[in-house]
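**Student:** Got a structure for you, written out below as structure tokens; questions coming shortly.
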Amino acid sequence: MRPQPTPSPAPFAARPVPTGDPGGHDRGAATDAAINGQPARTTIAVWDPFVRIFHWMLATAVAAALTTGLLLPATWTRLHIAAGTLAAALVAARIVWGFLGPHFARFATFVGGPATVLRYTRELIGRRAGRHLGHNPLGGAMIVALLALLIAITATGTAALGGVLKAGPLAFATSYAAGSAAREIHGLLAYALLALIALHVAGVLFESRRTREDLVGAMIHGRKRGMPGAGSARSAQARPVLAAGIVAAILAGSTLVSAALSQRPAAGVPTAPLDPAYAEECGACHIPYHPSLAPAAVWTALMNGLSDHFGEDASLDPATTRAMRDYLVANAAEAYDTRAANVFRRRAADDPLRLTATPFWRRRHAEIPAAVFASPPVGGEGNCAACHADAATGRFAPAAITIPKETTS
Amino acid sequence: MRATPRSTFAAGLFAVAAATGPAAAGPAQQAILDHYAAEAKAAGAPSAFSAARGEAFFRAKHGVSAESPSCSACHTADPRNPGRTRAGKPIEPMAVSAVPTRFTDLAEVEKWFRRNCNTVLGRACTPAEKGDFVAFMASR
């Protein structure tokens, strides 16, 4: 399909486009005169189907990613990653289309240098700015900024996924420290994206009013009011087959590379199953807590005080006590780099032995009602495995969290 | 504690069980009973164990630990039912009729007597208390 301006631009050919404006551009008053004259009633296909589908899919993916990332609990992380991945794929396709798409889709058509943007801004302020068939220079700058921001968000998100959650293509090479720094930036960029989206929408509404054209509608049906000079002569020819080929190659390539990298063992994640003797002895009264959930000093203190263990005698014979202590100390938080191993190193000063007293634990479980912890299927705050299916591995991945429903008996 | 329909039912079951007489302890439980009998004799205490004394001991509130006042706090009023630890983990029933492998491994039995007696009574249990307790559980 060839989204060329239709019908024939011949009726407008008589009127030259004002100076060096690749997007099609006319001057306010003259426009209205032209519009009210009969030829201007005609509309021109400006946004090709890919640009429109891209735009609304991206808006949906970004809305889903922002909602799951900023508003919803960690249990939505899987959907958040899916939405982010979709947004990244769309951005990649849009960039290819920016070089191989039809005239109005090309970066060359709507990306001007700072001088162009500045000139247009000055014209806007002076109420002298004309109307553009494609993106105006400010709109073009916005698109570049949005695409660049989305690339940065994808990169920091992938690094955060790798370092903090020890999943995805970067898990094998990203430390928790690097991942959580990336996560901070990822969050800040998300707010920057929100701000840009607000500006983008405000710009569209402003421009719609100013030029009396429904720009939102144009992004749906693709057509805009015709205007002089939107000739096909200088329109770039779209190369849809080549573009589709390149996009398919990029997506297939990155999927393969990402899958291959994701297969590599994640850095600092425990892989050995729990020692059976430990699981037996320290799993008699509660789940056997993974050794990576507490620093060596905490395990040593805990093992030295087993005869008064949170108000109970949990003592073992000296040989078993030594064996358990050695196992715990050798596999303590310091030996791993998972999120749990990192966050549970910080202990409450007044209750250092309790995992459930750590600041991180209290913060992340603050919204779960006490009644849920007391309910029979959970049976207490310390029963991590009731909600975290992977508790025995020490991973505590968000995707493995489900709060069990109380069955009526 | 007020009698709930459930505990009334449990009491009913108890009566039936008492009427039919103690379930016989297997050879492994008998070996453990013999071990405690020998210890009791050596300490100069009566070595004939009583399931009734064991039951009273099992239910008594010893007033040492607020969280674990009695053995039945974790092992429940009816030892044929599964119990629950303070941390919420289920405990298999203590009654030999429900779990025939109960009281078959002396080291295991000793480990838990040491722990649970210290938690609930703040001291070690005597051989007689242990023997009565096992006799009670073997009768259930």
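**Student:** Restricting to the stretch B:45-80, give me the number of residues that are away from every other protein chain (no Cβ under 14 Å), part of a loop (DSSP other than H, G, I, E, B), touching a residue at least 40 places away in the same chain (Cβ under 8 Å) and touching a Pro at 6+ places or on another chain (Cβ under 7 Å).
**Tutor:** 3
**Student:** Just name the residue that is surrounded by the most Cβ atoms within 10 Å (Cβ to Cβ) out of those in the stretch B:81-91 that are more than 8 Å from chain A (Cβ to nearest Cβ) and over 16 Å from B:Phe133 (Cβ atoms).
**Tutor:** Selected residue: B:Asn81.
**Student:** Shifting gears a bit: Check off (1) within 14 Å of another protein chain (Cβ to nearest Cβ); (2) within 23 Å of A:Gly163 (Cα to Cα); (3) surrounded by fewer than 17 Cβ atoms within 10 Å (Cβ to Cβ) for A:Ala391 and give me the number that stays unchecked.
**Tutor:** So the condition that A:Ala391 fails would be (3).
**Student:** Please go through the stretch B:97-115 and pick out each residue that is more than 14 Å from every other protein chain (Cβ to nearest Cβ) and in a helix (DSSP H, G or I).
**Tutor:** Matches in the stretch B:97-115: none.
Okay, residues lined up against (1) among the acidic types (Asp, Glu); (2) modelled with pLDDT under 95; (3) under 19 Å from the mean Cα position of the chain (by Cα):
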residue: B:Pro5; (1), (2), (3): no, yes, no
residue: B:Thr8; (1), (2), (3): no, yes, no
residue: B:Val16; (1), (2), (3): no, yes, yes
residue: B:Pro22; (1), (2), (3): no, yes, yes
residue: B:Ser47; (1), (2), (3): no, yes, yes
residue: B:Glu55; (1), (2), (3): yes, no, yes
residue: B:Phe58; (1), (2), (3): no, no, yes
residue: B:Ala66; (1), (2), (3): no, yes, no
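**Student:** Can I ask one more? Please verify whether B:Val109 is aliphatic (A, V, I, L, M), surrounded by 13 or more Cβ atoms within 10 Å (Cβ to Cβ) and under 15 Å from B:Ala135 (Cβ atoms), treating the condition exactly as stated. Steps first, please.
**Tutor:** On the way: aliphatic (A, V, I, L, M): yes; surrounded by 13 or more Cβ atoms within 10 Å (Cβ to Cβ): yes; under 15 Å from B:Ala135 (Cβ atoms): yes.
The answer is yes for B:Val109.
**Student:** For the stretch A:306-405, give me every one of the helices (runs of 4 or more DSSP H) that falls completely inside it and has 3 or more residues that are over 17 Å from B:Gly88 (Cα atoms).
**Tutor:** In the stretch A:306-405, the matching helices (runs of 4 or more DSSP H) lie at A:318-330, A:339-343, A:359-364.
**Student:** Could I ask something else about it? Of the numbered conditions (1) more than 15 Å from the chain's Cα centre (by Cα); (2) in a helix (DSSP H, G or I); (3) closer than 16 Å to A:Leu58 by Cβ, A:Leu150 fails exactly one; give the number of that condition.
**Tutor:** (1)
**Student:** Only residues that are away from every other protein chain (no Cβ under 14 Å) and assigned to a loop (DSSP other than H, G, I, E, B): list them for the stretch B:116-140, please. Outline the logic, then answer.
**Tutor:** Residues of the stretch B:116-140 that are away from every other protein chain (no Cβ under 14 Å), as a first pass: B:126-140.
Those that are away from every other protein chain (no Cβ under 14 Å) and assigned to a loop (DSSP other than H, G, I, E, B): B:Thr126, B:Ser139, B:Arg140.
**Student:** Let me ask something else. With the stretch A:177-281 as the region, which helices (runs of 4 or more DSSP H) entirely inside it contain at least 1 residues that are within 30 Å of A:Ala129 (Cβ to Cβ) and touching a residue at least 12 places away in the same chain (Cβ under 8 Å)?
**Tutor:** Hits in the stretch A:177-281: A:215-221.
**Student:** Follow-up. Only one of (1) away from chain B (no Cβ under 14 Å); (2) under 39 Å from the mean Cα position of the chain (by Cα) fails for A:Tyr289. Which number is that?
**Tutor:** (1)
**Student:** So A:Ala129 clears everything in (1) touching a Pro at 6+ places or on another chain (Cβ under 8 Å); (2) at pLDDT below 95; (3) outside any helix (DSSP H, G or I) except one condition, right? Which one?
**Tutor:** Every condition holds for A:Ala129 apart from (1).
The values are calculated or read from the model by the stated rules, or taken from the named source; none is laboratory data. The structure displayed is predicted, hence computed values, not measured ones. Methodologically, a virtual Cβ is constructed for each residue, glycine included, from the backbone with ideal geometry; neighbour enumeration extends over all protein chains shown.
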